[in-house]
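As structure tokens, the structure follows; a few thoughts come after it.
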Amino acid sequence: MNNNTDKPQNIDSNKMPDENGFFGAYGGRFVPPMLEPIMKEIGDAYLEIKDSKEFKDELYYLQKHYTGRPSPIFHAKNLSDKIGGAQIYLKREDLNHTGAHKINHCLGEALLAKKMGKKKIIAETGAGQHGVALATAAALLGLECDIYMGEVDIAKEHPNVVRMNILGAKVIPATHGLKTLKEAVDAAFDAYVKDPINQLYAIGSVVGPHPFPMMVRDFQAVVGQEAKEQFTELTGKLPNNLVACVGGGSNAIGLFTEFLNDDDVNIIGVEPAGTSFKTGEHAATLTLGTPGTIHGFKCYLLQDENGEPAPVNTIASGLDYPGVGPQHSYLKDIKRVKYETINDKEAIAAFMELSREEGIIPALESAHAVAHAMKMAKDMPKDETILINLSGRGDKDIDFIVENYGKELGITIQ
Ligand SMILES: *Cc1c(COP(=O)(O)O)cnc(C)c1O
């Protein structure tokens, strides 16, 4: 299968975390004792495999010939000219097979599962994006795949449920509590604990117990590695600014990692401010949260007085998480990355603006990054640059936009 081995990527992208999975005070592994050896085994297997030529070659082959990497960088000149400030560039992760950056870590996790001799990969999904990407990787690599999804989300996200079924995955409803993402995590976790030998729980972002935040980051780091080379080739310089949206934080850390030691590059993560900064109406974890523990790791957390995760809300369901990656928590504290917020309204305006100016419909998640870049660009000189990680395409969001905002946006459908 590996007839294209000219340039295997280096995924050993950062010295963090420490051997216990800590990024400063964040991360770690807080799991039931029975899972501790299993998690350690996954970590050990990953560390052994990731530097092997066979694994790197295989992943590189799939990235190039299956996903379609490298994804291009595009100068959004129309948008930049209209704003009249800095030049905006897009790293086009929306052009990946399955339409977002999530395939980058799903292929990595599925390959690891296969190398470890697992029969099945399982995961939770909210809007279904991670479920579809994982079901895709499972189909390709001949693994069984169970996706746990809240009953409410199953009804809401019908096309993605159909996709997962067509791809051969089993969608298992979580029927307790609010029947959404948190309950899906609970259900997937219960199922995982029952048979951690034959299954691998493939976490969908840079969250969860060690080694997942490290592993998912390493699989996403290809985005920044490509971007650095492409951007320099295109402009002769590094970008002045990087901007990416932050849910769990995988697409953001994927772009940022390669630039963390470039002190002149200003790095910004964008969180969803939803409809207001009242509890339950946003998911601005790094902006408004406090350190806490969720799903087996420490991070900034939106929490109530008992340390329970607070309810969150944003139009971008991929950003709808009360915790955030431990490395982002650390990067906030050491002030290497600045975290800003964009609300639903601003994200929708950016969604329309990019569609109309450049012919690119962004995912509502990615539209948060676009909105913030547009705000920044206005006050910057024309020779400054902003590189946005356009994490996904917006096809999944068009019905929602038209149904809820079509009238006020002047989208008319005969
Ligand atoms: C899931 C998703 C996100 C949020 O996840 P991160 O781990 O924060 O990157 C962002 N954009 C798109 C298109 C997504 O599908």
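For region 80-210, what is the Kirkwood hydrodynamic radius in Å, using each pair of distinct C-alpha atoms?
15.4 Å
Using Cα-Cα distances under 8 Å and only pairs 6 or more residues apart, what relative contact order does region 93-171 have, in percent?
28 percent
Under the rule that an exposed site lies in a DSSP loop and has at most 13 other Cβ atoms within 10 Å, name the longest stretch of the chain with no GluC sites (Glu not before Pro) of that kind, not counting the sites themselves.
Excluding the exposed sites themselves, the longest stretch runs over 20-304.
Among 274, 38, 390, flag the residue with its Cα farthest along the positive direction of the charge dipole of the chain, charges on Cβ as +1 for Lys/Arg and -1 for Asp/Glu.
It is 390, whose Cα lies furthest towards the positive end.
Quick one: 372, 295, 158, fewest Cβ neighbours within 10 Å first, how do they rank?
158, 295, 372
For region 255-288 and region 143-162, what is the centre-to-centre distance using only Cα atoms, to the nearest Å?
First find each Cα centre; the distance between them is then 28 Å.
Longest exposed-loop-site-free stretch of the chain, with trypsin sites (Lys or Arg not before Pro), DSSP loop and at most 15 other Cβ within 10 Å?
120-236
Using unit Cβ charges (K, R positive; D, E negative) and no other charged atoms, how large, in debye to the nearest 20, is the dipole of the chain about its Cα centre?
440 debye
Does region 39-137 classify as rounded, prolate or oblate by the C-alpha gyration tensor (a ≥ b ≥ c root eigenvalues; a/c under 1.5 gives rounded; else a/b over b/c gives prolate, otherwise oblate)?
Judged from the Cα gyration tensor, region 39-137 comes out prolate (a/c at least 1.5, a/b above b/c).
If you build the convex hull over the alpha carbons only and average its shadow over all orientations, what do you get for region 243-344? Give it in nm² to one decimal.
6.0 nm²
Can you work out the Karplus-derived ³J(HN,Hα) for every residue in region 164-173? Use 6.51 cos²θ - 1.76 cosθ + 1.60 with θ = phi - 60°, whole Hz, and x for glycine or proline.
For region 164-173, the Karplus-derived couplings read 4, 4, 4, 6, x, 7, 9, 9, 10, x Hz, x marking Gly and Pro.
Which ³J(HN,Hα) values in Hz, rounded to whole numbers, follow from the phi angles of region 134-146 under the Karplus curve 6.51 cos²θ - 1.76 cosθ + 1.60, where θ = phi - 60° and Gly and Pro get x?
So the J values, rounded to whole Hz, are 6, 4, 5, 4, 5, 4, 4, 9, x, 10, 6, 8, 10.
Mind sorting 193, 270 by how few other Cβ atoms lie within 10 Å of their own Cβ, fewest first?
Starting with the residue having the fewest Cβ neighbours, the order is 193, 270.
Can you give the relative contact order of the chain as a percent, counting alpha carbon pairs under 8 Å and 6+ residues apart?
The value is 19 percent.
Mind jotting down a quarter of the surface of the convex hull over the alpha carbons of the chain, in square nanometres, one decimal?
For the chain, the mean projected area of the Cα convex hull comes to 19.4 nm².
Give me log10 I(q)/I(0) at q = 0.25, 0.27, 0.32 Å⁻¹ for region 253-302, Debye formula, one equal scatterer per alpha-carbon, no solvent.
Results for region 253-302 at q = 0.25, 0.27, 0.32 Å⁻¹ read -0.95, -0.97, -1.08.
Run down the lysines and flag those whose C-alpha is under 19 Å from the C-alpha of residue 278, throwing out any fewer than 8 positions away in its chain.
Hits, sequence-local ones excluded: 345.
For region 326-338, take each phi angle, set θ = phi - 60°, evaluate the Karplus expression 6.51 cos²θ - 1.76 cosθ + 1.60, and give the result in whole Hz per residue in order, putting x for glycine and proline.
Using θ = phi - 60°, the values come out as x, 5, 5, 4, 5, 5, 5, 4, 7, 6, 7, 10, 9 Hz.
In region 136-264, if every C-alpha pair distance is counted and binned at 10 Å from zero, what percent goes to each bin?
Computed distribution, short to long bins: 11, 30, 32, 17, 9, 0.
Please find, in a Gaussian network model of the chain (springs between Cα atoms separated by less than 10 Å), the residue of 314, 232, 341 whose mean-square fluctuation is greatest.
Ranking 314, 232, 341 by mean-square fluctuation puts 232 first.
Which of rounded, prolate, oblate describes region 304-383, given a ≥ b ≥ c as roots of the alpha-carbon gyration tensor eigenvalues and a/c under 1.5 marking rounded, otherwise prolate only if a/b is larger than b/c?
Note, shape of region 304-383 comes out oblate.
Whose amide H sits under 5 Å from the amide H of residue 171, counting only residues 5 or more places off or on another chain, with H placed in the peptide plane?
Amide H neighbours of residue 171, under 5 Å, 5+ apart: 147.
Rounded to the nearest 5, what % of DSSP beta bridges with both residues in the chain are antiparallel?
Around 30 percent antiparallel, to the nearest 5.
State the antiparallel share, in %, of DSSP beta bridges confined to region 72-203, rounding to the nearest 5.
Just about 20 percent of them are antiparallel.
Evaluate the charge dipole of region 186-280 about its Cα centre and quote only its size in Debye, nearest 20, assuming +1 on the Cβ of each Lys and Arg and -1 on the Cβ of each Asp and Glu.
Its charge dipole is roughly 260 debye.
How high is the relative contact order of region 115-262, given as a whole-number percent (alpha carbon pairs under 8 Å, six or more residues apart)?
22 percent.
Tell me which aspartates and glutamates have Cα within less than 12 Å of residue 375's Cα, excluding those fewer than 8 residues away on the same chain?
By straight Cα distance, residue 375 reaches 340, 346.
Enumerate the amide H contacts of residue 343 below 5 Å, restricted to partners 5 or more residues apart or on another chain; note that Pro and chain-start residues carry no placed amide H.
Here 273 satisfy the definition.
Around residue 206, which amide H atoms from residues at least 5 apart in sequence, or from another chain, sit under 5 Å from its own amide H, with H modelled in the peptide plane?
Under 5 Å from the amide H of residue 206 lie the amide H atoms of 249, 250, each far enough along the sequence or on another chain.
Neighbouring Cβ atoms within 10 Å as the yardstick, rank 214, 374, 116, 16 fewest first.
Going from sparsest to densest Cβ surroundings: 116, 16, 214, 374.
Computed from the coordinates by the stated procedures, all read-outs in this text should not be read as laboratory data. On a predicted model such as this, the values are computed, not experimentally measured, just so you know. In this analysis, Cβ positions are derived from the backbone assuming ideal geometry, glycine residues included, and neighbour counts consider all displayed protein chains.
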